[in-house]
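Written out below as structure tokens is the structure these notes cover.
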Amino acid sequence: MTIDAPALPLTGLRVLDFAQFLAGPVAALRLSDLGAEVIKVERPQGGDLCRSMVVNDQRLEDDSLVFHTFNRGKKSVTADLKQPADLDRIRALIATADVMIHNFRPGVMDRIGLGYDAVRALNPRLVYGAVSGYGTTGPWRDTPGQDLLVQALSGIAWLNGNAEDGPVPTGFAMLDVATAGHLVQGILACLVRRGITGAGGLVEVDLMSAALDMTFEQFTCFLNDDNRQPRRHAQGNANPYQPAPYGIYPTGDGWMALAMCPLAKLADLLDAPQIAGFAQSDAFARLDEIKSVVGDVLKTRPTQHWLDILEAAGIWCAPVLDWPAFAASDGFAALDPLQDIQTASGATARTTRCPIRIDGNTLRNAAAAPALGADTAAILTP
């Protein structure tokens, strides 16, 4: 079931999205999914730079397909913030808004005249969300806040891969998406407070803080281990601080993931006395030896053979699926995670839906991203 728009919890709220690329627009998207009216404020020349950032050579009409995936359902107005007349119109629009989001580098909005203090004077009830790469101080303050670069600086790339690999980043912009989630949480918290006190607020998030928050478990281990670099496992590395057999292993016909399991029990289930030769206390100290032995055993039979044995015994394990297999699975179908989006002129594409359900209902919005400036006259004309 698709929930009706009037029942959405943020219906009636107006959000101004000044952000580009990913973290800010994704946060605004989630507010839109929950019912808010989201208006992108874009440059007249080209708009959001992501409109032209084509990924995998895929477009929907004149814009990048990926631009539509996280700007769907929004409106668009164009304004040159360096022009006094346009800036005045945007100030008037801000006075009508509940939330404002931007991801300009620190200091840029202050120079334009739309920093938090200036905006609070225009609209004391407004919740002001600011996204940066590294916060508002320090030597990285003015460097590009891009997901891959933050993964590199934060040490995340040295957690992935096996011991003999170089640094391995994730294959998707996880820090942008995590930062967007933090921004939404802060905005919603300030909106709740506004309902009590009437006052807006300032929410500031950054990708580097998101990197630390996402790795809090591992980084806490590092901090309490004399700041020693975690040692990635020789094979099957999935978490450098987890004992054997935790990891991913090749099987006779594919790959499987194996989580926590006592070694003696694993030896019995796999009928592998060579595993039984290790004591449970060896699970950390001799983990590479243990994982090598486990890997040799799992290679001897197909994945499903091992899953039938281990799952029946309550062991946490799973096959490693590629995307075609994942998309064809019954679990994928049960989630019903997809939706089609359509532009104003009828072009369509398939993408994912909002992952949140409200009152048991699935949230979908079939509108693709707006054409650049499509709503300028309707919104900015007095």
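Of all the numbered requirements in (1) over 27 Å from G47 (Cβ atoms); (2) open to solvent by less than 80 Å² (accessible area, probe 1.4 Å); (3) hydrophobic (A, V, I, L, M, F, W, C), W323 misses one, and that requirement is (2). Pairs are defined by a Cβ separation below 6 Å, a sequence spacing of at least 6 or placement on different chains, a first member in the stretch 200-227 that is open to solvent by 80 Å² or more (accessible area, probe 1.4 Å), and a second member that is hydroxyl-bearing (S, T, Y); no pair meets this definition. Only one of the numbered conditions (1) on the phi < 0 side of the Ramachandran plot; (2) surrounded by 19 or more Cβ atoms within 10 Å (Cβ to Cβ) is violated by R59, and that is (2). The residues of the stretch 123-147 that are in contact with a Leu (Cβ under 9 Å, 6 or more places away or on another chain) and open to solvent by 50 Å² or more (accessible area, probe 1.4 Å), listed by number, are W140, T143, Q146.
Can you list the helices (runs of 4 or more DSSP H) found entirely within the stretch 102-213 that contain at least 1 residues being of a type in the set (S, T, Y) and at pLDDT 95 or above?
Counting at least 1 such residues, we get 116-122, 147-154, 174-197.
Of the residues making up the stretch 338-382, those that are in a loop (DSSP other than H, G, I, E, B), open to solvent by 30 Å² or more (accessible area, probe 1.4 Å) and over 30 Å from Q45 (Cα atoms) are P355, I356, D359, G360, R364.
For S76, indicate whether it is open to solvent by less than 20 Å² (accessible area, probe 1.4 Å), hydroxyl-bearing (S, T, Y) and over 23 Å from the mean Cα position of the chain (by Cα).
So S76 passes the test.
When the stretch 243-257 is filtered for residues that are out of contact with any Lys or Arg (no Cβ under 7 Å at 6 or more places or on another chain) and loosely packed, with under 14 Cβ neighbours inside 10 Å, only D253 remains.
Let's see how each residue does on (1) touching a Pro at 6+ places or on another chain (Cβ under 9 Å); (2) under 30 Å from T220 (Cα atoms); (3) surrounded by fewer than 18 Cβ atoms within 10 Å (Cβ to Cβ):
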residue: Y241; (1), (2), (3): yes, yes, yes
residue: A259; (1), (2), (3): yes, yes, yes
residue: L263; (1), (2), (3): yes, yes, no
residue: D268; (1), (2), (3): no, no, yes
residue: A279; (1), (2), (3): no, yes, yes
residue: E289; (1), (2), (3): no, yes, yes
residue: S292; (1), (2), (3): no, yes, yes
residue: L307; (1), (2), (3): yes, no, yes
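Against the test of being surrounded by fewer than 19 Cβ atoms within 10 Å (Cβ to Cβ), among the small types (G, A, S) and touching a residue at least 60 places away in the same chain (Cβ under 8 Å), the options A7, A36, A28, A85 yield a single qualifying residue, A7.
The values are calculated or read from the model by the stated rules, or taken from the named source; none is laboratory data. Remember, it's a predicted structure, so these values are computed and weren't measured experimentally. Note that each Cβ is placed from the backbone with ideal geometry, even for glycine, and that neighbours are counted across all protein chains shown. Heads up: the accessible areas ignore ligands, DNA and RNA and are worked out on the full protein's heavy atoms, side chains in. Shrake-Rupley method; radii C 1.70, N 1.55, O 1.52, S 1.80 Å.
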